[in-house]
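One structure is given here, and the rest of the page talks about it.
The values are calculated or read from the model by the stated rules, or taken from the named source; none is laboratory data. Please read these numbers as outputs of a predicted model, since none were measured by experiment. Accessible surface is based on the protein model in full, side chains and every heavy atom, while ligands, DNA and RNA are left aside. Shrake-Rupley method; radii C 1.70, N 1.55, O 1.52, S 1.80 Å.
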Amino acid sequence: MWIRTALMSGAAVVLAAQSRPASSGPAETRPAAAKPILHIRCEERVYKFGEQPAFRVAWSNPTKEGVEVILPLDGSAEGMRMPSYRWVVKSEVGEELPPHIVGRCGNVNGIQSSDWLRLEPGARVELGDVSLGWLGSPWPRFGPGFPMPGKFRVQLVYRFARGSGPGQLFELSKPSERDRKRWFATPELEVASNEAMVEIGPPTERDRKRMAAMAAIRVGDAGARVRELLGEPEELSPYHETHKNWGYRLLDAPRDPMGWMRFTVAVSDAGKVTEVANPFREL
């Protein structure tokens, strides 16, 4: 748009620019703006199949000026709002795994003063369990069939672009005027962390057989067939008035600390499977 305006303002501007002698020295380049650094590390390098790897996250500021970033908010990890904190998971050879859409409600908590993190020059700040609450683990966000055995490269990408500002989606509380001004003063950044290597071990033979049984269940199957393949459900919860969720887990894998069911089927009162949610594939 600026170039178009300059051209429309008259040919003299263009001619004047062309009449300058060519510079004998290298073209001037403005140094890239210094950024804070995002760090991730894994508590362990090797995990059992079905276990959730635990990540720790930190921000550091190598610059000579203070800078502010925003901590993970309700909806940041799902890409629902700014800032986004996006987990990137790749195979050992660099093939990126597609993210799995995780169902959740559209309401989000409003931003507040404690959601900003001020990084003074030379500072390094570890995000605690509270800060990581909305970030969680990348594992449930990728699928189907994840986690699968193998070695993986995990990275976290922070992106802040103001867009429409506070009031995105359906915030349950509105920011104060002070926080609204702070939002518009926060620098727009995209920062990628280091890569952390994680290895997931193979499933046991019992889990392998159970995953094969899970993969054999289809919408329309009789509930009796589900019981024949998987046994009695380990978790039973209402779906709606005429359906129930039957929940199954892997047999030998560690229990998910989040308490999520590993495999669910919705079965109607008429005894038919109406939905199947299987995060694992047959291996």
| Proximal lysines relative to K244, as straight alpha-carbon distance under 22 Å, when same-chain residues fewer than 8 apart are discounted | K272
| So which lysines can K35 reach, going by Cα to Cα under 19 Å and dropping same-chain residues fewer than 8 places off? | K64
| What lysines could a cross-link reach from K151, if we take a straight Cα to Cα line under 18 Å and drop same-chain neighbours fewer than 8 places away? | K48, K90
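Once a ≥ b ≥ c are taken as the square roots of the eigenvalues of the Cα gyration tensor of the stretch 64-109, is the result rounded (a/c under 1.5), prolate (a/b larger than b/c) or oblate (a/b not larger than b/c)?
Values: a/c = 4.71, a/b = 1.16, b/c = 4.04.
Taking the square roots of the gyration eigenvalues as a ≥ b ≥ c, the stretch 64-109 is oblate.
Rank C105, C42 by accessible area, highest first, at a 1.4 Å probe radius? Please report the intermediate quantities before stating the final value.
Details: C105 80, C42 25 Å².
Highest to lowest solvent-accessible surface, that is C105, C42.
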| Heavy atoms of E120 accessible to a 1.4 Å probe, total area in Å² rounded to 10 | 90 Å²
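Just to make sure I understand: if all protein chains stay in place, what is the order of R262, R104, R218 by accessible area at 1.4 Å, largest first?
R218, R104, R262
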